[in-house]
Amino acid sequence: MAQTYARGDGLAKGLGWFSIGLGLAEMASPQSVAQLVGIDDGDRTRAVIRGYGAREIANGLAILAQPDAKWLWTRVAGDVVDLSSLAAALQRNDGNRGKLAFGLASVAGVMVADIVAARQLGSAPARTTPRRKDDTVRVSKTFTINRSREEVYQFWRQLDNLPRFMTHLESVEILGAARSRWTARGPGGFTVSWEAEMIEDSPNRSISWRSLPGSRIENRGTVRFERAPGNRGTELRVLIEYAPPGGRAASMLLKLIGEAPEQMIQEDLRRLKQLMETGEIPTSSGSSSIMQPAQPTGYAPTRAAGGRR
């Protein structure tokens, strides 16, 4: 059973990387993919192929994060969708029939591999693979927010406030005094959840947390709240360490598709600054999303202080 699991684990990881590579190709050059499989290269076709690419990247990252039968069966479902699209094009005689037949055969072959890996992983209990130290990524950011240290701490300490400015974080559910469940959204709409515990809570000074053992996303972080020089509010220092699914290679792939965690955290802190100082966050359309944070009695927000990056 252990050997079966090991074979399935290796095959699953190979399919995960294949999925990411295919997804990147589909998103970067949908017209080339359309020509390769022999279908008409129109605007609608390119949009559909890009959508398939986002799905492939999400599936690949999920498999690398946790080789599990359910993610392979998700790939099988995607294979069925791809086969249906190609078969429909073949019936309509919509393109090069020879290339379409080759595309159908290729997808069918990959689907067989997906089914084999899913069955092998499903025949044994899931295991966790030890994470190498060099897979850990550290992100450190500093922003100056023109609000009192006490208010910034109070806002962050209420963890369910975090999705209000962290765009990839869907929710934080408070499970107890020190435990919480986090749900985040990844590329292509793929979601992942994990539980975390607070390991330090020094009022108005610092908060530290870490994911619980067995979490699909291993991470830990510390936020420090310091008085900014010149009475300019609060200097917020954020340090986050995480183990990206698939290691550093997967982290570099995320940067290529515009999902670099360093950039996301900086933009999150910029939104927090806007929210704390003005009570609203400008949207991409130019309008404003009103998100007024709780304010201590007698504290009047001001609009000075630029963020230090």
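Decide, for segment 144-209, between rounded, prolate and oblate: order the square roots of the alpha carbon gyration tensor eigenvalues as a ≥ b ≥ c, take rounded if a/c falls under 1.5, and otherwise choose prolate if a/b is larger than b/c, else oblate. Oblate shape, in that a/c is at least 1.5 and b/c is the bigger or equal ratio. Solvent-accessible area of segment 17-73 (1.4 angstrom probe, protein heavy atoms only): carbon and sulfur portion equals 60 percent.
L175 sits among other residues whose Cβ lies under 12 Å from its own Cβ, and their net charge, with Lys and Arg +1 and Asp and Glu -1, is -2.
For segment 24-117, what relative contact order do you get, as a whole percent, if you take Cα pairs closer than 8 Å and at least 6 residues apart? The value is 32 percent.
In straight-distance terms, cross-link reach from K141 covers every one of the aspartates and glutamates whose alpha-carbon lies under 13 Å from its own, apart from those fewer than eight places away in the same chain; here that gives E235, E241, E262, E267, D268. Rounded to the nearest whole Hz, the Karplus-based 3J(HN,Hα) values (6.51 cos²θ - 1.76 cosθ + 1.60, θ = phi - 60°) of segment 199-215 follow the sequence 9, 8, 9, 9, x, 6, 10, 7, 9, 10, 8, 8, 6, 6, x, x, 5, with x at glycine and proline. Excluding same-chain neighbours fewer than eight residues apart, the aspartates and glutamates reachable from K99 by a Cα-Cα span under 14 Å are D40, D41. Segment A28..R216, full-extension length gain: 64.8 nm, with 0.36 nm per residue of separation and the alpha-carbon distance subtracted.
For segment 12-21, 3J(HN,Hα) computed residue by residue from phi via the Karplus equation (6.51, -1.76, 1.60; θ = phi - 60°) reads 4, 5, x, 5, x, 5, 4, 4, 5, x Hz, glycine and proline entered as x.
The values are calculated or read from the model by the stated rules, or taken from the named source; none is laboratory data. Keep in mind that what you see is a predicted model, and the values were worked out from it rather than measured. Positions of Cβ are generated from backbone atoms using ideal geometry, with glycine treated the same way; all protein chains shown enter the neighbour counts. Accessible surface areas use protein heavy atoms only, side chains included; no ligands, DNA or RNA. Shrake-Rupley method; radii C 1.70, N 1.55, O 1.52, S 1.80 Å.
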